[in-house]
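Down below is the structure, laid out as structure tokens.
The values are calculated or read from the model by the stated rules, or taken from the named source; none is laboratory data. Because the structure is a prediction, the values reported are computed rather than measured. Cβ atoms come from the backbone with ideal geometry, glycine included; neighbour counts cover every protein chain shown. Heads up: the accessible areas ignore ligands, DNA and RNA and are worked out on the full protein's heavy atoms, side chains in. Shrake-Rupley method; radii C 1.70, N 1.55, O 1.52, S 1.80 Å.
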Protein chains: 2
Amino acid sequence: MADTGISSGSAVGSAAPTNDVDADVSGSSSIGTGPAVGADSAAGVKSARRAVELLEAFGANHEWLSLTDLHHHTGFPRSSLHGLLRTLRDVGWIESDDAGTRFRLGVKALICGTAYLDRDPVMPYATEALERLRDQIGYTCHFARLNGPDIVYLQTRESRTSAHLVSRVGRTLPAHATALGKALLSELADDELTAVLPKQLTALTELTITDREALRSELAFIRERGYSTERGQSSPNLACVAAVVPYRIPGTDAMSCSMPGERVTDAELLRVGSLLRDVAEDLSQQLRRAGIR
Amino acid sequence: MADTGISSGSAVGSAAPTNDVDADVSGSSSIGTGPAVGADSAAGVKSARRAVELLEAFGANHEWLSLTDLHHHTGFPRSSLHGLLRTLRDVGWIESDDAGTRFRLGVKALICGTAYLDRDPVMPYATEALERLRDQIGYTCHFARLNGPDIVYLQTRESRTSAHLVSRVGRTLPAHATALGKALLSELADDELTAVLPKQLTALTELTITDREALRSELAFIRERGYSTERGQSSPNLACVAAVVPYRIPGTDAMSCSMPGERVTDAELLRVGSLLRDVAEDLSQQLRRAGIR
DNA sequence: CGGCGGTTTTCAGATATCTGACCAATATTC
DNA sequence: GAATATTGGTCAGATATCTGAAAACCGCCG
């Protein structure tokens, strides 16, 4: 039983149901439960599911992966992996080393994946709003979307002054550990929140909220005020403020500002928060007028 | 199989005016050569190939696509598409509308695809170099990579002054129509160039080089000088300068600056070019020292 | 040199997908 | 509003993949 559940640090392949090399993973074959009972994860076209699961394994592991590594991560039989890997390599979604025995993500994945941003009619408006915001406030501004228990950064405009970019398009962070995420979580009803939060609230820093009740009460406060704040909960020495863009119900998108955590006063945080709330409200009006939902 | 070869062309919804609904696309049927002889495009795990080909279709079409649309684009039987689409939707790589009948790219594609940037050890160095460059020059700077006949933007640092971002991470442009691409193409030997260029050099603007001989002679000049320039060849009223980052042979990566085309003199273009060449050379030395190839 | 631990690759039977034809649902037309 | 055209969904036989086991391969060390 390798599955310790607890953070275990590594977390690389933690999604895989087994760490046992030769464990029988195909579940359905266990006892005579015939065809997919719960039909939860075993449904659909097997090779297609496996292909994208493989891609996700590559997305989560930034080094070269061998066939055996992938067998550990995914639980797929080595022989099946062999065919899948060659197929994905031939179409350019993964690359192999010269020997053809180690693999990593290919550039096709980047090209295709980032097309998500073009396909979304919200983005042009969001970009423009981010630039207005950045020009008003001067700090780095983000636009992000809730995806299950995580937020995904969709667009960034960096501060004119501080050089470092806080995050990257496409990166995800646990929602409960970020101002963006807390703002979005505050939109959810109580049972929705319960359904979406992970069993264990992982801590990104010492200050990350890991207690569900503490989170709930803060979310209620955020909902009331219209924006969320955070100091050092996602990253040390970083303060963030975020507000939902209320063009959907419940809201899925939010905007934030990231500021150097030590040099910014509480009053400044609140000032930025209410400004942010106004810009987000403006943006959502634009979106609603444009018929975007 | 790669139908027209040409940049996937137009064709959003209007793709098939001919009602070739049931056209045989499986191609391989040349002459009685039984099972895949050349094994060109029909090899590998069929469902996996189709899954990613579907994703690419979504990447190239930014509207909602129906089952029939996809049938036109890919040539896959509708019944096969049905299973694939539900599978991809269930794993979050595509999304469907409420009716479950129109589809578009899902956020998982963005999350996973952008991991390409994390997996690449070049990127931290490239980002730092871009920031140095932008701070020295003031214009928007790009870092891009050659992928077949196209360049792919990997990272951008925007101008402090002009607000508009020129391109986006993950976007591709024809190499022959950009300064970045011309710099990278100038690294190739003559037969490599012939192999990589498309049959027809598509024009992005009136000034795009579409004559192969004109391109060849300019590439020779670029190779000699160490950087490439361009005015209005990729986009009207835009001037670009680019230099290869010579840490591989042939070089695959390059840096560029984009400037407002009208307000920049030729002398300024050349000044930026030689500065760019120096920064690219510095970066490549860093990379080589770090053992990155 | 040859055995050894580990990994990749191959192979034939078991299993799952693919597909063309067929039905159902929805949009379009008059 | 009914007929019609188009699209979406389902099914059983044909076909292809999947898989466990066994074989080739590789680097390593004695």
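Here are the numbers for this structure:
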read-out	value
Magnitude of the charge dipole, segment A:166-251, Cβ model with Lys/Arg +1 and Asp/Glu -1, debye to 20	340
Pairwise FRET efficiency - residue B:68 versus residue B:282, Cβ, R0 = 60 Å, nearest 0.05	0.65
Pairwise centroid distance, computed over Cα atoms, of segment A:126-179 with segment B:201-222, Å	39
Residue A:289/residue B:160 FRET efficiency (R0 41 Å; Cβ-Cβ; nearest 0.05)	0.80
Residues of segment A:42-75 buried by at least 50 Å² on assembly (accessible area, 1.4 Å probe, chain alone as reference)	A:45, A:48, A:52, A:56, A:62
Where labels lie 7 Å past Cα in the beta-carbon direction, separation of residue B:262 and residue A:263 in nm	3.8
Number of partner chain Cβ atoms within 10 Å, mean per residue of A:116-124	6
For residue B:278, inter-copy label distances in nm, listed shortest first [label point 7 Å out on the Cα-Cβ vector]	4.6
Inter-site label distance for residue B:224 and residue A:212 at 7 Å from Cα along Cβ, in nm	7.3
Pairwise burial A:B, computed as accessible area of each alone minus the pair, summed, 1.4 Å, Å²	4800
Interchain or long-range residues, amide H under 5 Å from residue B:66's placed H	B:103
Where GluC sites (Glu not before Pro) fall in DSSP loop in segment A:191-224, at most 15 other Cβ within 10 Å	A:206
Occluded residues from segment A:152-196, i.e. those whose accessible area drops by 50 Å² or more once the chain is not alone (1.4 Å probe)	A:158, A:160, A:168
For segment A:115-289, convex hull volume per residue from C-alpha positions, Å³	108
Rounded accessible area of residue B:64 (nearest 10 Å², 1.4 Å probe)	100
Backbone N within segment A:129-158 under 19 Å of label point (7 Å from residue A:248 Cα along the Cβ vector)	A:129-130, A:142-156
Residue A:45 - accessible surface, heavy atoms, 1.4 Å probe, Å² rounded to 10	40
Accessible area (Å², 1.4 Å probe, nearest 10) - residue A:168	40
Distance between modelled label sites at residue A:271 and residue A:96, nm, 7 Å Cα→Cβ extension	6.0
Using a 7 Å Cα-to-Cβ projection, residue A:225 label spacings across copies, nm, ascending	5.7
Copies compared at residue A:263 - label distances in nm, ascending, label defined 7 Å from Cα in the Cβ direction	2.8
Placed amide H near residue B:261: partners under 5 Å, 5+ positions off or other chain	B:238, B:239
